[in-house]
Structures are given as C-alpha cells and as structure tokens.
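Here, each number is a calculation from the coordinates, and none is a lab measurement. Keep in mind that this is a model prediction, so the values were computed, not measured. Neighbour counts are summed over all protein chains in view; Cβ atoms, including those assigned to glycine, are modelled from backbone coordinates with ideal geometry.
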Amino acid sequence: MSISKVKFGVVVFPGSNCDHDAYHATKHVLHQDAEFLWHKDTDLKNSDVIILPGGFSYGDYLRTGAIARFSPIMNEVINFANNGGVVIGICNGFQVLCESGLLPGVLMRNESLLFACKHVSVRVEHNDSRFTSKHKAGDIISIPIAHGDGNYFAEPDIILSLEENQQILFRYSDSNGKISSEANPNGSVNNIAGIMNKNRNVMGMMPHPERACELELGSSDGKKIFESIINSFVLQTV
C-alpha cells in the first residue's frame, strides 16, 4: 500500500541555529517533506511532525526556552500536541517543551558550568515508542551534544513517574552502556538525555540526532530516531 511522505514542520525562532540541520536531515537525507515555520506564524501548514530545533531562541535571555514558549507559533504547537500531534524538541527545543509544560522538569546549567560540545554515548532505554522503534532496547548510539544548559532536573516524584511509565528514552552512558557519573556530560539526574510525555507523542532530548544522520558527520546513529517516527506513520496507514 503506497503512502504519502511524512511532513516535518521545522520551527524557526530568532536565534535558532539547528533549523537547517533538521531540515536537511528530514528533507535531503530521509527524503520526506519539510517546511520551515516562522515563530510568528499561526499555521502549522499541515505538518505531521513538528520539530523545535536547537540553538539559542531569543538569545536565551531570561531563561533558556522561556521567551520562545510565548511566541505565536507555540500556541499552535501546544494545541497540536494536546490533540495527539507528534512533536520533537532537540536541545533548545527540549528546553522550550519543558517551559511550555508539554514535558515535565527543567533544564539547568551544566554541572561543570561549562559549555559541552562533543560526541557522547547514549543508551536507548525502551524501543516501544514511536521515537525508538527502529532501535533495540539497550542499543548504544554515538551522538553529538552542544549545550550549556542540559542538566535535566525534576522533583523525585516526577522522576519516579518517568521511570515507572517508561518515559525515559535515552540516558548518557559509556560506550559499553554503563551508566555512571563519568559518562554524564552535564549532571542530569539519573543520566537522563531524553524523555517523552505520558501520551507518548511528545519527545525532548538534549543530544542532536539531526547532526548524526550521515557518516560524513562522524555518526549516522541519529537517523534511526527519525526513521522510527516516519515508520509510526507508515504503520498507521497499513
């Protein structure tokens, strides 16, 4: 059965710097439809998936993601997500999702107080989600980070809920999958690198899968995350 391509809407805030990376990955590497969505837009242009990209939205003034949360486009993104639409926030996009209440918790300054920019190992915790179905639980992926405020924190009851509901999708680990403080680049509680909401349609992660879709960039491990999302739409039409 033939299906149409999945359409990715890539939101562009003033200060976004990974929007073109996300567009390139989805449009040119994965050969799907993609369109930029300006922060002042109030139309998601029939997007199937919304990407909130990395960068420094509104210069990260006040607090990372705090101003972007009030941009006109975010009202539409929040409504889209609350109605079951698929949303992925990467790095600064993860921060925006937390500020908007679509994901629990907050991203704070890295424990080292230094900007972290390097490839890290990340362990896939669960593969029964639309974001990780192309992986196996326990897979170790190599993926870059680039952030100064990636230290994920939430109150103990929220962390417990995330653990029990299998909402934690990615953890920082070593190359063998061992979870340790040494493998944690920012101090995130429980080495959390990415989570999803209870309804399992919104995901945020600090590492950059869009920068790991081609071997020429040092890793293509991020490609499976986008392939998982695309596959979830294929399964819906079968």
Q) If you keep only loop residues by DSSP, which trypsin sites (Lys or Arg not before Pro) in segment 1-63 have at most 13 other Cβ atoms within 10 Å of their Cβ? A) Lys40, Lys45
Q) Whole-Hz Karplus ³J(HN,Hα) for segment 113-119, in order, using 6.51 cos²θ - 1.76 cosθ + 1.60 and θ = phi - 60°, x for Gly and Pro? A) 6, 10, 5, 10, 9, 5, 7
**Q.** Ascending count of other beta-carbon atoms within 10 Å, so fewest first, for Thr26, Thr132
**A.** Thr132, Thr26
Q. Which value, in debye to the nearest 20, gives the size of the charge dipole of segment 33-79 about its Cα centre, when Lys and Arg are +1 and Asp and Glu are -1 at the Cβ?
A. 300 debye
Q. Taking H as built 1.01 Å from N, whose amide H comes closer than 5 Å to the amide H of Cys18, not counting residues under 5 places away?
A. Gly54
Q.
Projecting each Cα onto the charge dipole of the chain (Lys/Arg +1, Asp/Glu -1 at the beta carbon, about the Cα centre), which of Ser228, His119, Leu217 comes out farthest on the positive side?
A. Ser228
Q: List Asp157, Asp174, Asp149 from most exposed to least, where exposure is judged by having the fewest other Cβ atoms within 10 Å.
A: Asp157, Asp174, Asp149
Q. Could you give me the ³J(HN,Hα) list for segment 132-148, computed from phi with Karplus coefficients 6.51, -1.76, 1.60 and θ = phi - 60°, whole Hz, x at Gly and Pro?
A. 9, 5, 7, 9, 10, 4, x, 4, 10, 10, 9, 8, x, 10, 7, 7, x
Q: Above 22 angstrom, tally the Cα pairs of segment 1-112 and express them as a % of all pairs, no decimals.
A: 28 percent
**Q.** Lys/Arg +1, Asp/Glu -1 at C-beta; segment 88-148 dipole; positive extreme among Phe131, Ile143, Leu97
**A.** Ile143
Q: Throw me the Rg/Rh for segment 100-170, computed over C-alpha atoms with Kirkwood Rh, two decimals.
A: 0.99
(Q) Which three numbers, in whole Å and largest first, are the semi-axes of the equivalent ellipsoid of the chain derived from its Cα gyration tensor as √(5λ)? (A) 24, 21, 17
Q.
If you average the C-alpha positions of segment 14-31 and of segment 85-116 separately, how far apart do those two centres end up, in angstrom?
A. 19 Å
**Q.** Given Lys198/Lys223; Lys27/Lys223; Lys136/Lys224, the pairs whose alpha carbons are separated by over 22 Å
**A.** Lys198/Lys223
Q.
Check which residues have an amide H placed less than 5 Å from Asn151's amide H, if you skip close sequence neighbours.
A. Met108, Asn110
Q: Count the DSSP beta bridges whose two residues both fall in the chain, then state the antiparallel fraction as a percent rounded to the nearest 5.
A: 60 percent
Q) Using the 10 angstrom Cβ neighbour count as an exposure proxy, how do Val12, Val234 rank, fewest first? A) Val234, Val12
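Taking GluC sites (Glu not before Pro) that fall in a DSSP loop and have at most 16 other Cβ atoms within 10 Å as cut points, what is the longest piece of the chain between them?
Value returned for the longest uninterrupted segment is 1-110.
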Q.
Nothing charged except the Cβ atoms of Lys and Arg (+1) and of Asp and Glu (-1): what's the magnitude of the dipole of the chain about its Cα centre? Round to the nearest 20 debye.
A. 260 debye
